[in-house]
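Read the structure below first, then the notes.
The values are calculated or read from the model by the stated rules, or taken from the named source; none is laboratory data. As the structure is a computational prediction, the values presented were derived from the model and not from experiment. Please note: Cβ atoms are built from the backbone with ideal geometry, for glycine as well, and neighbour counts cover all protein chains shown.
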Amino acid sequence: MDRSAKLEHYKAAMLLSGVGDAVGYRNQLWEYNESGPAIHQELKELGGLKNIKAELPDWPVSDDTVLHLATAEALTTGKKGEELLHEVAARYVEGMKDMDGRKPGPSSILGVSQLKPGEEGGYRVPYNPEGTGCGAAMRSMCIGLRYPKPDQLLSLVAVAVETGRMTHPHPTGFLGAVASALFTAYAAQRRPITTWGLGLINEACPIAKNFVQGRGFAVEETERDWNYFCDKWQWYLDLRGISNGVGPAIWPSSYGPAERDEVYKSFSLSGWAGRSGHDAPMIALDALLGAGADWEELMNRAAFHGGDSDSTAVIACCCWGLLYGIQGVPEGNYSNLEYRDRLERCAEELYALSH
């Protein structure tokens with residue numbers, strides 16, 4: 001029996017990524033709320049997750065979904081190589097026109113402003129020592145939907161690195177794109193979640209490093225700043241007791257909203273949990289490990305915390321949808337989601353291309 005992801009899983013992955021984004025964002029109110037317990041209290045006053053109707057005007061998607069759609073819609077053209085990179089760059093430029101009230105990050109704004117799609121090398125931007133944010137990670141899950149098979153890992157890494165560094169040329173930033181794409185591919189392959197982090201460090205990161213060296217662009221700066229991402233991921237796997245890829249994960253005795261805020265902060269680069277390329281996928285993985293097939297528990301962990309909650313949820317929910325489908329998700333969470341049609345259409349086209 002083929003256990004790999006089916007079309008309905010692809011559709012759930014794209015749609016629920018948007019749900020995680022819209023709900024974690026709550027029209028700027030929750031993305032910038034630094035207290036998980038306060039968010040959980042507000043959630044209770046709304047009647048809980050099952051009572052949330054994620055639709056306009058109160059629950060728009062953020063920059064995360066707009067740029068994830070830009071990546072996905074570029075991939076659905078079937079273009080490859082340089083042609084694909086120019087296509088992605090063009091769609092990022094276009095996507096930046098749809099940012100009213102969506103709060104894109106500084107590196108995304110700067111990077112896209114420097115892109116010159118169609119010109120030679122126009123998908124490249126100068127190295128940015130500040131380009132460590134999660135903007136590349138939050139829009140790259142669909143790369144794993146396009147290249148879901150183990151023998152497509154080279155393509156997955158190449159596309160994630162090159163599209164990631166269009167705005168986040170720092171390895172802490174663009175390796176986040178590799179992580180999001182990889183975890184989505186692993187979800188499609190039904191690899192045990194306890195092995196994902198190990199695969200990132202041992203399989204994907206070395207391929208990414210070779211790729212960067214082979215492309216000959218900003219090699220020195222990239223190598224200088226390389227180690228933080230991998231070292232922090234190794235630290236996380238040790239913390240959870242899964243550095244050998246075998247579970248079960250080790251959890252703190254108490255791990256409610258307040259405790260998670262503190263633990264997630266310890267994952268972070270500068271105190272804002274999930275804001276960077278390494279820790280947005282890390283919190284997503286932490287949530288997936290802890291929630292299993294329970295949608296509400298996933299959202300409690302990935303979307304309702306005092307950090308960059310839409311960016312951690314957009315990654316976690318994409319992988320969760322791919323693993324579990326739409327079952328158990330309250331209909332109001334997704335039925336009238338902004339851009340639902342585009343998300344589902346991308347899923348259908350990516351499924352067709354990947355199969």
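Of all the listed residues (GLY197, GLY216, GLY247), the sole one being buried (at least 16 other Cβ atoms within 10 Å of the Cβ) and not acidic (Asp, Glu) is GLY197.
Taking segment 212-286 as the region of interest, the helices (runs of 4 or more DSSP H) fully inside it that hold 3 or more residues being farther than 25 Å from LEU43 by Cα and out of contact with any His (no Cβ under 7 Å at 6 or more places or on another chain) are 219-224, 227-240. The condition (being out of contact with any Gly (no Cβ under 8 Å at 6 or more places or on another chain), under 20 Å from ARG224 (Cα atoms) and of a type in the set (A, V, I, L, M, F, W, C)) is satisfied by just one residue among VAL125, VAL161: VAL161. Annotation note: of PRO37, PRO106, PRO57, the sole residue that is touching a strand residue (DSSP E or B) at 6+ places or on another chain (Cβ under 9 Å), surrounded by fewer than 20 Cβ atoms within 10 Å (Cβ to Cβ) and not hydroxyl-bearing (Ser, Thr, Tyr) is PRO106. It is to be established whether one or more residues within segment 33-41 are out of contact with any Asp or Glu (no Cβ under 7 Å at 6 or more places or on another chain), part of a helix (DSSP H, G or I) and within 27 Å of LEU322 (Cα to Cα). Looking for residues that are out of contact with any Asp or Glu (no Cβ under 7 Å at 6 or more places or on another chain), part of a helix (DSSP H, G or I) and within 27 Å of LEU322 (Cα to Cα), one finds at least one in segment 33-41, hence yes. Per the conditions (1) modelled with pLDDT under 95; (2) touching a Pro at 6+ places or on another chain (Cβ under 8 Å); (3) of a type in the set (A, V, I, L, M), the sole criterion not satisfied by ALA22 is (1). In a residue-by-residue description of segment 257-280, the property of being over 15 Å from THR172 (Cβ atoms) and in contact with a Leu (Cβ under 6 Å, 6 or more places away or on another chain) applies to no position. Within segment 92-100, one or more residues are within 19 Å of TYR339 (Cβ to Cβ), touching a Pro at 6+ places or on another chain (Cβ under 8 Å) and free of Cβ contacts under 8 Å to residues at least 40 places away in the same chain.
Checking THR167, THR172 one by one, the residue that is in contact (Cβ under 8 Å) with a residue 12 or more places away in the chain, surrounded by 21 or more Cβ atoms within 10 Å (Cβ to Cβ) and assigned to a loop (DSSP other than H, G, I, E, B) is THR167 and no other.
Here's the yes/no breakdown for (1) touching a residue at least 60 places away in the same chain (Cβ under 8 Å); (2) out of contact with any Ser or Thr (no Cβ under 8 Å at 6 or more places or on another chain); (3) aliphatic (A, V, I, L, M); (4) buried (at least 24 other Cβ atoms within 10 Å of the Cβ):
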| position | (1), (2), (3), (4) |
| --- | --- |
| GLY292 | no, yes, no, no |
| ARG301 | no, yes, no, yes |
| CYS317 | yes, no, no, yes |
| TRP320 | yes, yes, no, yes |
| GLY332 | yes, yes, no, no |
| ARG340 | yes, yes, no, no |
| GLU348 | yes, yes, no, no |
| TYR351 | yes, yes, no, no |
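GLY122 meets the stated requirement of being assigned to a loop (DSSP other than H, G, I, E, B) and touching a Leu at 6+ places or on another chain (Cβ under 8 Å). Against the definition (over 22 Å from HIS305 (Cβ atoms), among the polar types (S, T, N, Q) and not in a helix (DSSP H, G or I)), how does THR71 come out, yes or no? Here the answer is no, as THR71 does not meet what is asked.
Please find, within segment 125-159, the residue that is nearest to MET14 (Cα to Cα) out of those that are among the hydroxyl-bearing types (Ser, Thr, Tyr) and not in a helix (DSSP H, G or I). Full working, then the answer.
To start, the set of residues in segment 125-159 that are among the hydroxyl-bearing types (Ser, Thr, Tyr) comprises 127, 132, 140, 147, 155.
Filter once more, so that each one left must be not in a helix (DSSP H, G or I): 127, 132, 140, 147.
Numbers: TYR127: 31, THR132: 25, SER140: 11, TYR147: 15 Å.
In this case the residue turns out to be SER140.
One line per residue, one yes/no per condition, for (1) within 16 Å of the chain's Cα centre (by Cα); (2) at pLDDT 95 or above; (3) farther than 22 Å from LEU85 by Cβ:
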residue: ARG165; (1), (2), (3): yes, yes, no
residue: VAL178; (1), (2), (3): yes, yes, no
residue: THR194; (1), (2), (3): no, yes, yes
residue: ASN202; (1), (2), (3): no, yes, yes
residue: PHE217; (1), (2), (3): no, yes, no
residue: ASN227; (1), (2), (3): no, yes, yes
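Just one of (1) touching a Cys at 6+ places or on another chain (Cβ under 7 Å); (2) buried (at least 24 other Cβ atoms within 10 Å of the Cβ); (3) under 24 Å from ARG191 (Cβ atoms) fails for ASP308. It is (3).
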